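Student: Pasting a structure below so you can have a look.
The values are calculated or read from the model by the stated rules, or taken from the named source; none is laboratory data. Since this is a predicted model, take the numbers as computed values, not measurements. Virtual Cβ from ideal backbone geometry, glycine too; neighbours counted across all protein chains shown.
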Amino acid sequence: MNNITGPRKLAKEEHSKTRKLWEEIFTEDTKEFLDYYYSVKTLENEIYVMEDGDKIISMLHLNPYDIRVNNKIYKTHYIVAVATDEHYRKRGYMAALLNHAMQVMKDRGEPFTFLMPASEAIYKPFGFEFIYTQSRVKVFGKRLDDVSLKIIKAEEKDSKEIAEFANDFLGKYDVVNYRNASYYETLLKEYTSENGGILVARREGKIVGVLCYAKEEQYMCMEPLFYKETELQHAIFTLTGNETDKVLCMGYGNEKSKPIIMAKILEPTFQVDLKNAKVFLNEVV
């Protein structure tokens with residue numbers, strides 16, 4: 001007879017026990033990415049599980065993020081890695097974990113939670129709605145004959161300065177990931193694990209643009225923050241080394257092409273209309 005227990009919050013030293021389930025469910029993720037995730041992100045996150053005896057059969061991770069809503073910063077959690085062993089599905093374990101985690105966050109006074117769904121239909125019954133539709137455009141690299149513009153690969157020591165630039169750049173949005181040095185230190189580790197990194201565009205030593213990128217078969221750019229498209233094109237040229245390859249840039253341009261982030265308000269007194277706010281959210285884990 002099955003001995004199903006949970007939901008249970010794992011102790012920090014138990015977090016690595018969920019890696020096997022992650023590897024079985026999210027087969028697209030590389031060993032390098034999981035090495036990063038289980039050495040960096042699981043130091044600060046929370047993991048809730050259902051168990052059959054000693055076996056973890058279902059899990060949900062809560063990853064902490066500071067979110068600026070208008071002029072106030074809120075402590076929130078991003079729901080990721082919701083997964084159930086294929087032999088235990090359709091028994092309500094995901095619902096049990098989700099409801100439990102949302103109650104925990106509500107009890108702590110967190111105003112809302114958010115996630116990137118595999119399918120809208122999974123989370124809509126729990127009250128989640130899309131709040132962010134991401135622009136996705138392909139951009140050609142183009143060399144800019146401007147000796148004052150330097151494209152440099154970011155190092156950890158640059159994180160505080162990058163965060164200051166990004167927060168200023170994103171000031172026009174109502175809802176956005178608030179960035180600090182730790183945010184970009186972690187981001188740099190994540191993209192490095194995906195054969196990428198962060199490029200910084202500088203003019204006279206001052207940051208004028210930031211580009212996060214990863215590479216599988218092709219380069220992919222995430223949330224390029226540039227005031228001038230010509231400078232973004234030069235950064236992409238630096239990546240590809242030519243003016244013929246288009247690079248997919250996510251979170252750039254005016255064409256809203258894909259709804260990617262859903263949210264649910266947890267605290268009834270939170271009166272912000274997230275669905276109609278100007279939102280810019282990073283999709284990293």
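Student: Which residue is nearest to R19 (Cα to Cα), if the candidates are limited to the stretch 43-69 and must be in contact with a strand residue (DSSP E or B) (Cβ under 8 Å, 6 or more places away or on another chain) and outside any strand (DSSP E or B)?
Tutor: Checking each candidate, the answer is N45.
Student: Then there's this: Hey, among the residues in the stretch 144-162 that are touching a strand residue (DSSP E or B) at 6+ places or on another chain (Cβ under 6 Å) and small (G, A, S), which one's surrounded by the most Cβ atoms within 10 Å (Cβ to Cβ)?
Tutor: A154
Student: Could you tell me whether the stretch 258-269 includes any residue that is under 30 Å from D146 (Cα atoms), in contact with a strand residue (DSSP E or B) (Cβ under 8 Å, 6 or more places away or on another chain), among the hydrophobic types (A, V, I, L, M, F, W, C) and crowded, with 19+ Cβ neighbours inside 10 Å?
Tutor: No: zero hits.
Student: Separate question: All but one of (1) free of Cβ contacts under 8 Å to residues at least 12 places away in the same chain; (2) small (G, A, S); (3) closer than 24 Å to Y213 by Cβ hold for S135; which doesn't?
Tutor: (1)
Student: Then there is this: Restricted to the stretch 65-83, and to residues that are free of Cβ contacts under 8 Å to residues at least 40 places away in the same chain and surrounded by 13 or more Cβ atoms within 10 Å (Cβ to Cβ), which residue is nearest to F270 (Cα to Cα)? Before you say what the answer is, go through the steps one by one.
Tutor: Step one: filter the stretch 65-83 for residues free of Cβ contacts under 8 Å to residues at least 40 places away in the same chain, giving 71-72, 74-77, 79, 82.
Filter again for surrounded by 13 or more Cβ atoms within 10 Å (Cβ to Cβ), leaving 74-77, 79, 82.
Working: Y74: 11, K75: 13, T76: 13, H77: 16, I79: 19, V82: 26 Å.
Ranking the qualifying residues of the stretch 65-83, first place goes to Y74.
Student: Given (1) among the charged types (D, E, K, R); (2) more than 17 Å from K153 (Cβ to Cβ); (3) out of contact with any helix residue (DSSP H, G or I) (no Cβ under 9 Å at 6 or more places or on another chain), where does R202 come up short, assuming only one miss?
Tutor: Among (1) among the charged types (D, E, K, R); (2) more than 17 Å from K153 (Cβ to Cβ); (3) out of contact with any helix residue (DSSP H, G or I) (no Cβ under 9 Å at 6 or more places or on another chain), the lone unmet condition for R202 is (2).
Student: While we're looking at this one, here's another question. Restricting attention to the stretch 213-225, does a residue exist that is within 16 Å of A154 (Cβ to Cβ), hydrophobic (A, V, I, L, M, F, W, C), in contact with a Lys or Arg (Cβ under 7 Å, 6 or more places away or on another chain) and buried (at least 20 other Cβ atoms within 10 Å of the Cβ)?
Tutor: no
Student: When you go through E28, E13 one by one, which is the residue that is surrounded by fewer than 18 Cβ atoms within 10 Å (Cβ to Cβ), of a type in the set (D, E, K, R) and part of a helix (DSSP H, G or I)?
Tutor: E13
Student: Looking only at the stretch 204-218, how many residues end up being at pLDDT 95 or above and of a type in the set (K, R)?
Tutor: Residues flagged as at pLDDT 95 or above and of a type in the set (K, R) within the stretch 204-218 amount to 1.
Student: Test L199 against the criterion of being buried (at least 19 other Cβ atoms within 10 Å of the Cβ), within 29 Å of D145 (Cα to Cα) and touching a residue at least 24 places away in the same chain (Cβ under 8 Å), and give yes or no.
Tutor: It is true that L199 is buried (at least 19 other Cβ atoms within 10 Å of the Cβ), within 29 Å of D145 (Cα to Cα) and touching a residue at least 24 places away in the same chain (Cβ under 8 Å).
Student: Can you name the condition, by its number, that I57 falls short on among (1) within 25 Å of S193 (Cα to Cα); (2) surrounded by 15 or more Cβ atoms within 10 Å (Cβ to Cβ)?
Tutor: (1)
Student: Still on this structure, I have one more. Filter the stretch 205-256 for residues that are over 19 Å from A166 (Cα atoms), assigned to a strand (DSSP E or B), of a type outside the set (A, V, I, L, M) and in contact with a strand residue (DSSP E or B) (Cβ under 9 Å, 6 or more places away or on another chain) and give the result.
Tutor: Across the stretch 205-256, the qualifying residues are Y219, K246, K256.
Student: Something else about it: Being assigned to a strand (DSSP E or B), at positive phi and surrounded by 13 or more Cβ atoms within 10 Å (Cβ to Cβ), is that true of even one residue in the stretch 127-143? So that I can check it myself, show each step before the final result.
Tutor: The first filter runs over the stretch 127-143 and keeps only residues assigned to a strand (DSSP E or B), leaving 129-140.
Going one step further and asking which of them are at positive phi, we end up with none.
No, the stretch 127-143 has no match at all.
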